[in-house]
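Data block below; observations after.
The values are calculated or read from the model by the stated rules, or taken from the named source; none is laboratory data. Because the structure is predicted, anything quoted here is derived from the model rather than measured. Neighbour counts are summed over all protein chains in view; Cβ atoms, including those assigned to glycine, are modelled from backbone coordinates with ideal geometry. For accessibility, only protein heavy atoms count, side chains too; no ligands or nucleic acids. Shrake-Rupley method; radii C 1.70, N 1.55, O 1.52, S 1.80 Å.
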Amino acid sequence: MIFVTVGTHEQPFNRLIQCIDELKKTGIIKEDVIMQTGYSTYVPRQCKWKKMFLHDEMIENVRKARIVITHGGPASFLMAVQMEKIPIVVPRQHKYGEHVNDHQLRFARVIAERQNQIILVEEVNRLKDILLNYDIIESKMHKKMISNNEKFNVEFEGIIDRLFL
């Protein structure tokens, strides 16, 4: 199953919802799709959907999903990462009237570059190729949440060890 969430921001994210619905219609996506459409005005015809899910329902959908596709809101994609999933992140963009600015895009770029735990898709026309190759792409990425505190402690421990050798 593929789970898609666009979050709770009040501007529509029709670009993503419509793209996924079309990929399901054309048979590119063969498995079931469940969408949280939020304030989007496009009504999916090929996928199961609900405007909003309760928090527990969101967690359950992410847990059950083989693939999670999310907007660029950190709470949404980090939930998937914490469950050791590699989410496809499609940030909302100001130029499409999906958000007030491009903070989702900028933040997702940083996370994709530094952590290698999300698949960043800036333009939905790339989703077809990403979905067709998801298993290959996902297999080369970090599934475990990378803790900066843990990295710091290991490096600090190494410094202490070298001081006393």
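Restricting the search to the range 48-99, which residues are open to solvent by less than 30 Å² (accessible area, probe 1.4 Å), over 19 Å from Y134 (Cβ atoms) and among the small types (G, A, S)?
G73
Among the residues in the range 138-153, are any farther than 25 Å from I17 by Cβ, modelled with pLDDT under 90 and β-branched (V, I, T)?
Looking for residues that are farther than 25 Å from I17 by Cβ, modelled with pLDDT under 90 and β-branched (V, I, T), one finds at least one in the range 138-153, hence yes.
Mind checking which pairs have a first residue in the range 71-100 that is within 13 Å of E10 (Cα to Cα) and touching a residue at least 24 places away in the same chain (Cβ under 8 Å) and a second that is assigned to a loop (DSSP other than H, G, I, E, B) and of a type in the set (S, T, N, Q), Cβ under 7 Å, 6 or more apart or different chains?
G97/Q11; E98/Q11; H99/Q11; H99/Q93
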